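Everything on this sheet refers to the single structure shown next.
The values are calculated or read from the model by the stated rules, or taken from the named source; none is laboratory data. Just so it is clear, the structure is predicted and the values come from calculations on it, not from any experiment. Backbone-built Cβ (ideal geometry, glycine too); neighbour counts: all protein chains shown.
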């Protein structure tokens, strides 16, 4: 077992993390959300062509005129994306295929859901309707230098969340 000091314990079992094969995503929010807000967010990590690759996409978190969270990571470098649109199924089923498109054409993906982790609560003044969907992403991502990264069935997640709080 790999021992680098990075681990988690749960229910008496210790899980070691190997930086060569294991990835994580930090969910760090900042800003001021409106009382009734809907956001879209997605993230995924994999090894592509022997190098670490990841992406973070989303919108609805506030004013993105100066900056957004849309970014690619490849081999230790960040590559900024323009706006990314989540194209959810028109029939309202979160488990039907989705697509993602970017205004700069650098993030064009198909997403095949595997499971919808849904939660809905309504307490009059406080409401939540969450759909965090895990599935497989396939398509292309284009780095700043024009290099095309091909994804095929990369496990990731994408979500649509509406909160009133």
Given 87, 56, 37, which one is closer than 30 Å to residue 126 by Cβ and crowded, with 16+ Cβ neighbours inside 10 Å? 56
Quick check: anything in the stretch 120-127 modelled with pLDDT under 95, in a loop (DSSP other than H, G, I, E, B), in contact with a strand residue (DSSP E or B) (Cβ under 6 Å, 6 or more places away or on another chain) and loosely packed, with under 14 Cβ neighbours inside 10 Å? no
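Could you please let me know if residue 151 is farther than 23 Å from residue 28 by Cα and either touching a helix residue (DSSP H, G or I) at 6+ places or on another chain (Cβ under 9 Å) or surrounded by 14 or more Cβ atoms within 10 Å (Cβ to Cβ) (or both)?
So residue 151 fits the description; yes.
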Single residue of 101, 95 found to be over 12 Å from the mean Cα position of the chain (by Cα) and part of a strand (DSSP E or B): 101
Which of the residues that make up the stretch 135-150 are over 22 Å from residue 59 (Cα atoms) and in a strand (DSSP E or B)? 148, 149, 150
Among the residues of the stretch 154-165, is any at pLDDT below 95, touching a strand residue (DSSP E or B) at 6+ places or on another chain (Cβ under 8 Å) and exposed (fewer than 15 other Cβ atoms within 10 Å of the Cβ)? yes
